[in-house]
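The values are calculated or read from the model by the stated rules, or taken from the named source; none is laboratory data. If you're wondering where the values come from, they're calculated on a predicted model, not measured in any experiment. Virtual Cβ from ideal backbone geometry, glycine too; neighbours counted across all protein chains shown.
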Amino acid sequence: MSTTETASATSSTAQVPVIGHWVDGGHRASSSGRTAPVFNPATGAVQAEVALADQAEIDAAIASAQAGFEIWSGYSIAKRQTVLFAFRELLNARRGELAAIITAEHGKVLSDAMGEILRGQEVVELATGFPSLIKGAFSESASTGIDVYSIKQPLGVVGIISPFNFPAMVPMWFFPIAIAAGNAVVLKPSEKDPSAALWLAELWKEAGLPDGVFTVLQGDKLAVDGLLTSPIVQSISFVGSTPIAQYIYETASKHGKRVQALGGAKNHMLVLPDADLDLVADQAINAGYGAAGERCMAISVVLAVEPVADELIAKITERIAKLKIGNGAGTDAGDGTLSEPDMGPLITAVHRDKVSSYVDIAEADGAEIVVDGRGFTVDGHEDGFFFGPTLLDKVPTTSRAYTEEIFGPVLSVVRVASYDEGLELINSGQFGNGTAIFTNDGGAARRFQNEVQVGMIGINVPIPVPVAYHSFGGWKQSLFGDAKAYGAHGFDFFTREKAITSRWLDPAQHGGINLGFPQN
Ligand code: NAD
């Protein structure tokens, strides 16, 4: 989904707060006169407006980050590590506050918001061990009397542009490592849920990070383009939809920057006939409808190798009937406790209608609608952006409902005759983010991991998001650039290496004049 949906400039006359930037270690109001609405997706109400930066604000944010970098890059490793540990401790103690902010603006259920924070916290924890991960290397006596060694230095000001669906986790894929390595970050969050970034900025301040090292620039395409073209910004880490990822990659590369741009996805689950179908049905529900399908690692296609499709569809349908859909913040259970639904609303009405239109397309193209989530409403939340869990069968692989990313709670079943037919479908798609195979046949699983053209693979695991010390990233149209997020790729991305060849002259060994190419 592109930001054009919400980026139309509106004046901030509404009686709602205006969410501003975080620059120079503090909240900064915007004077751009441009804002976009921030909804509560569960109620449909506009709960705030977010500032959309103008060029002066973009320049001020980048200049502040440059000043922050000058200070921070001079900190010793030990001092930087102290700040990282303090940030981790504060996050660990207070992450419930952040989860509530995420749910209020994104709509996902509270436990899921907590889940994304925990996955982001993993990267913070990895980053606390940065000294051993950004060490250089030393070769004594590479030639007689000559030592060769390498050191890794920060890049400077680095830009992070994040999507709406993980307002805390996705920025945390990048900024803990970037900051640990000595860089200063300018984060441009999604304008649909801009508050999590500000909460994280406050936490950094409390942890002792110098002003300017973590900046939040609210905005739309103008702010993004400001980062992509600024000569001060050294790198761009982007996560979002594929067309924008490609634009980011091309534009930032043209401006001489390092770029990692993670795009969209269409993740398939290949179910072999020997799989445990109860396990598969549970996992298809979790991976298809969790976060209302608004996850880049959601499973959106179940490839059922016959003869399992009918039985599997029956099991998934049974489970859908039991799902509770409602306000992600929970509702009063009547006994003073909160009852949490399984699934919340979609991010905007525009996005809900787009998801709905894909179901129309599938139907028109001949798919069978097994469970129809169109027109779904929640009592007491009639204006919320809800869409019911939807199950489609026999989806033609020529339909746009199959070939394009829907990014909603819509699970498509495609029946295939064999492993090979399923594999061919996965490999012929435009995306290569995640996939999963469900089977009890170790040989088939091993063959799959070798043959599938996808970056992240689950074997009886539906959402194979790698742990922090591996790296996250897909293939094909799911990742532009060659650096994945976090893990070893993250430390490489956020540092620049220098190789030094050194000789401390001993007058007795002085070689005199020699215009030849240096040899060993
Ligand atoms: P999006 O591409 O609309 O927006 C992402 C960011 O780009 C936002 O900060 C937005 O302000 C900015 N942006 C939007 N349009 C722009 C334009 N024309 N020019 C410059 N900047 C622009 O994505 P979204 O709707 O926020 O997020 C959902 C998408 O992100 C899905 O496609 C999902 O698969 C993808 N995603 C991918 C991963 C991954 O790891 N591969 C992870 C999460 C989300």
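The table that follows gives values for the structure above.
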| item | result |
| --- | --- |
| From G422, G490, residue being touching a residue at least 24 places away in the same chain (Cβ under 8 Å), within 30 Å of K354 (Cβ to Cβ) and not in a loop (DSSP other than H, G, I, E, B) | G422 |
| Residue pairs meeting the criteria (Cβ under 9 Å; at least 6 apart or on separate chains; first more than 23 Å from A298 (Cβ to Cβ), in the stretch 369-390; second among the polar types (S, T, N, Q) and not in a loop (DSSP other than H, G, I, E, B)) | G380/T331 |
| Single unsatisfied condition, D332 versus (1) acidic (D, E); (2) modelled with pLDDT under 95; (3) within 19 Å of A284 (Cα to Cα) | (3) |
| Among the candidates A287, A265, A281, A275, residue that is in contact with a strand residue (DSSP E or B) (Cβ under 7 Å, 6 or more places away or on another chain) and outside any loop (DSSP other than H, G, I, E, B) | A287 |
| Tally of residues being in contact with a Gly (Cβ under 9 Å, 6 or more places away or on another chain), within 26 Å of P41 (Cα to Cα) and buried (at least 24 other Cβ atoms within 10 Å of the Cβ) across the stretch 166-188 | 8 |
| Test result for Q260, within 16 Å of the ligand (Cβ to nearest atom) and modelled with pLDDT of 95 or more | yes |
| Flag if I463 is modelled with pLDDT under 95 and out of contact with any Ser or Thr (no Cβ under 6 Å at 6 or more places or on another chain) | yes |
| The one condition in (1) out of contact with any Asp or Glu (no Cβ under 7 Å at 6 or more places or on another chain); (2) surrounded by fewer than 17 Cβ atoms within 10 Å (Cβ to Cβ); (3) farther than 30 Å from L155 by Cα that A417 fails to fulfil | (1) |
| Condition check for G473: within 16 Å of the ligand (Cβ to nearest atom), under 15 Å from the mean Cα position of the chain (by Cα) and more than 23 Å from A284 (Cβ to Cβ) | yes |
| Given (1) part of a loop (DSSP other than H, G, I, E, B); (2) at pLDDT 95 or above, number of the condition M1 does not satisfy | (2) |
| Count of the stretch 348-370 residues which are in contact with a strand residue (DSSP E or B) (Cβ under 8 Å, 6 or more places away or on another chain) and crowded, with 19+ Cβ neighbours inside 10 Å | 6 |
| Matching residues, the stretch 99-151, being closer than 30 Å to G328 by Cα and of a type in the set (D, E, K, R) | E105, K108, D112, E116, R119, E122, E125 |
| Residue that is nearest to the chain's Cα centre (by Cα) [pool: residues in the stretch 31-48 that are surrounded by fewer than 23 Cβ atoms within 10 Å (Cβ to Cβ) and over 30 Å from D342 (Cβ atoms)] | R34 |
| One residue from I244, I299 being within 16 Å of the ligand (Cβ to nearest atom), modelled with pLDDT of 95 or more and surrounded by 24 or more Cβ atoms within 10 Å (Cβ to Cβ) | I299 |
| In the stretch 263-274, residue nearest to the ligand (Cβ to nearest atom) [restricted to those that are of a type outside the set (D, E) and surrounded by fewer than 24 Cβ atoms within 10 Å (Cβ to Cβ)] | G264 |
| Flag if P210 is surrounded by 21 or more Cβ atoms within 10 Å (Cβ to Cβ) and under 18 Å from S64 (Cα atoms) | no |
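This table checks each residue for (1) more than 22 Å from M456 (Cα to Cα); (2) crowded, with 24+ Cβ neighbours inside 10 Å; (3) charged (D, E, K, R).
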{"residue": "K192", "(1), (2), (3)": "yes, yes, yes"}
{"residue": "A196", "(1), (2), (3)": "yes, yes, no"}
{"residue": "L203", "(1), (2), (3)": "yes, no, no"}
{"residue": "T215", "(1), (2), (3)": "yes, yes, no"}
{"residue": "I232", "(1), (2), (3)": "yes, no, no"}
{"residue": "S237", "(1), (2), (3)": "no, yes, no"}
{"residue": "K257", "(1), (2), (3)": "yes, no, yes"}
